[in-house]
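For reference, the structure discussed in these notes is given below.
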Amino acid sequence: MKGSAGRGCFITFEGIDGAGKSSRIAEVVAGLSRRGLAVEQTREPGGTPLGERLRELLLHEAMDLETEAMLMFAARREHLAARIHPALAAGRWVVSDRFSDATYAYQVGGRGLDPAKFAALEQWVHPGFQPDLTLLFDLSPEIAAARVAGTGNRPDRFEREQRDFFERVRMAYLERARSAPQRIRVIDADRPPEAIRAEIEAAVAERFFP
Ligand code: TYD
């Protein structure tokens, strides 16, 4: 089942840092392309020249929590206006590494942003619009932290947070998933890549190509 009247579909990937979504995103994009679909892979914060500049600030500059939340949504507004909405309208599919569920999980759950302020920003930036499918990679913060440490990359402002922060982020993601069970599919990420790959393929096929 494709989106209505030739519109493309929007798929997002979510999860705490180190949950292992990156390789799986590339596979989903490749799988959709093999079906003959035009697919764009993107990420948040980022996805546009301005958004990538905001990403640099968000990942590396200390800032007030509400500034952080508003910049996440400012980058998202640009991403939607300049890239996501035009692509979907032209029939292209868009696969994004994170979207608004990440702001709910990290800024509301992790940092304690007032959920009413999150809801107001979400309503402002994308009223009535949500991904067609969200794959939420669920993993314990202990295992995820070991994976992040194993990459040897310099950790960003979020990756430097403590275990209890990621515990709250994880719980907020799961709460969000319970509130939108049709859209958000929780994937147990503590399994071998082949098992995760198979579950994702099945979820995508079930949702879009029944
Ligand atoms: P991520 O895509 O995981 O970057 P990388 O894999 O290169 O480290 O995301 C960057 C960070 O931004 C991640 O720690 C989560 C955070 N983030 C938020 O806190 N709120 C948001 O709304 C988004 C989109 C990301």
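What number of residues within the range 123-176 are of a type in the set (Gly, Ala, Ser) and part of a helix (DSSP H, G or I)?
Our first condition is that a residue be of a type in the set (Gly, Ala, Ser); within the range 123-176, this holds for 128, 140, 144-146, 149-150, 152, 172.
Then keep just the ones that are part of a helix (DSSP H, G or I); that gives 144-146, 149-150, 172.
Within the range 123-176, residues that are of a type in the set (Gly, Ala, Ser) and part of a helix (DSSP H, G or I) number 6.
Pairing residues of the range 80-96 that are surrounded by fewer than 17 Cβ atoms within 10 Å (Cβ to Cβ) with residues that are among the small types (Gly, Ala, Ser) and part of a helix (DSSP H, G or I), at Cβ distances under 7 Å and at least 6 apart in sequence or on separate chains, gives Gly91/Gly6.
Here Phe158 qualifies as open to solvent by less than 30 Å² (accessible area, probe 1.4 Å) and within 15 Å of the ligand (Cβ to nearest atom).
Here's the yes/no breakdown for (1) open to solvent by less than 70 Å² (accessible area, probe 1.4 Å); (2) within 12 Å of the ligand (Cβ to nearest atom):
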{"residue": "Gln107", "(1), (2)": "yes, yes"}
{"residue": "Gly112", "(1), (2)": "yes, no"}
{"residue": "Asp138", "(1), (2)": "yes, no"}
{"residue": "Glu167", "(1), (2)": "yes, no"}
{"residue": "Met171", "(1), (2)": "no, no"}
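The residue of the range 9-44 that is nearest to the ligand (Cβ to nearest atom), among those that are open to solvent by 10 Å² or more (accessible area, probe 1.4 Å), in a strand (DSSP E or B) and charged (D, E, K, R), is Arg43. Candidates in the range 114-124 are the residues that are within 11 Å of the ligand (Cβ to nearest atom) and of a type outside the set (Phe, Trp, Tyr); of these, the one that is surrounded by the fewest Cβ atoms within 10 Å (Cβ to Cβ) is Glu122.
Can you pull out every residue in the range 45-55 that is within 11 Å of the ligand (Cβ to nearest atom) and more than 16 Å from Trp93 (Cα to Cα)?
First, pick out the residues of the range 45-55 that are within 11 Å of the ligand (Cβ to nearest atom): 45-47, 51, 54-55.
If the condition is that a residue be within 11 Å of the ligand (Cβ to nearest atom) and more than 16 Å from Trp93 (Cα to Cα), then Pro45, Gly46, Gly51, Leu54, Arg55 are the ones that fit.
Criterion applied to Asp132, Asp156 was being among the acidic types (Asp, Glu) and touching a His at 6+ places or on another chain (Cβ under 8 Å), and the one residue passing it is Asp156.
The values are calculated or read from the model by the stated rules, or taken from the named source; none is laboratory data. Quick caveat, the model's predicted, so the values are computed rather than measured. Cβ atoms come from the backbone with ideal geometry, glycine included; neighbour counts cover every protein chain shown. What goes into the accessible areas is simple: the full protein's heavy atoms, side chains included, and nothing from ligands, DNA or RNA. Shrake-Rupley method; radii C 1.70, N 1.55, O 1.52, S 1.80 Å.
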